[in-house]
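Q: Quick one: this structure, given as structure tokens, is what I'll be asking you about.
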Amino acid sequence: MADQPLPDHVPEIFKRFFWDVQFETLSPKEKPYYVINRLLDKGDLEAARWVVKTFPKKIIIKSLMGDESLSPMTATFFARYYEQPYSDFACYKNRLTFKRPPSNLWPFTENN
């Protein structure tokens, strides 16, 4: 299964999830991470099933872990689904290391 070929195209039923690109030229072979992340983060259950059935597990995990813009809800689900630590997901790394004093969040205080 690790050597399975990547698909040439995304099925037409998932076109609505790719509103911002030219769907007809979208190739999962050329941009597998983009297709995987978009369908798992913005897609429905049918899209998720297609991704899991179509792409090797290693590529899906690598794709999800590398996406900084992945929603926390999607990351949490797939971290549990694939039994991966949350801290390995790029979308969590930035959140976990985000340290800014509360006073800098809003520079306008009563003292100014």
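The values are calculated or read from the model by the stated rules, or taken from the named source; none is laboratory data. What you see is a predicted model; the values in this text were computed from it and never measured. Using ideal geometry, Cβ is built from the backbone for each residue, glycine included, and neighbour counts are taken over all protein chains shown.
Q: May I ask you to list the residues in segment 12-30 that are among the aliphatic types (A, V, I, L, M) and at pLDDT below 95?
A: To start, the set of residues in segment 12-30 that are among the aliphatic types (A, V, I, L, M) comprises 13, 21, 26.
Those that are among the aliphatic types (A, V, I, L, M) and at pLDDT below 95: VAL21, LEU26.
Rundown of residues vs (1) touching a Lys or Arg at 6+ places or on another chain (Cβ under 9 Å); (2) surrounded by fewer than 12 Cβ atoms within 10 Å (Cβ to Cβ); (3) in contact (Cβ under 8 Å) with a residue 40 or more places away in the chain; (4) closer than 14 Å to GLN4 by Cβ, yes/no style:
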| residue | (1), (2), (3), (4) |
| --- | --- |
| PHE18 | yes, no, no, no |
| PHE23 | yes, no, no, no |
| SER27 | no, no, no, no |
| LEU39 | no, no, no, no |
| ALA47 | yes, no, no, no |
| TRP50 | no, no, no, yes |
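Q: Tell me which residues, restricted to segment 68-110, are among the hydrophobic types (A, V, I, L, M, F, W, C) and either in a helix (DSSP H, G or I) or modelled with pLDDT of 85 or more (or both).
A: LEU70, MET73, ALA75, PHE77, PHE78, ALA79, PHE89, ALA90, CYS91, LEU96, LEU105
Q: If you don't mind, another one. Working carefully through the options GLU46, GLU68, GLU83, find the one that is on the phi > 0 side of the Ramachandran plot and of a type outside the set (Phe, Trp, Tyr). Even if it seems obvious, please write down each step before you answer.
A: Values: GLU46 fails: on the phi > 0 side of the Ramachandran plot; GLU68 fails: on the phi > 0 side of the Ramachandran plot.
Just a single option satisfies the conditions, and that option is GLU83.
Q: Within segment 1-16, track down each residue that is among the acidic types (Asp, Glu) and either surrounded by 11 or more Cβ atoms within 10 Å (Cβ to Cβ) or more than 22 Å from MET65 (Cα to Cα) (or both).
A: Within segment 1-16, ASP8, GLU12 qualify.
Q: Looking at (1) at pLDDT below 95; (2) in a helix (DSSP H, G or I), find the lone condition where HIS9 falls short.
A: Unmet condition: (2).
Q: Looking only at segment 18-59, count every residue that is of a type in the set (S, T, N, Q) and within 16 Å of THR74 (Cβ to Cβ) and tell me the total.
A: 1
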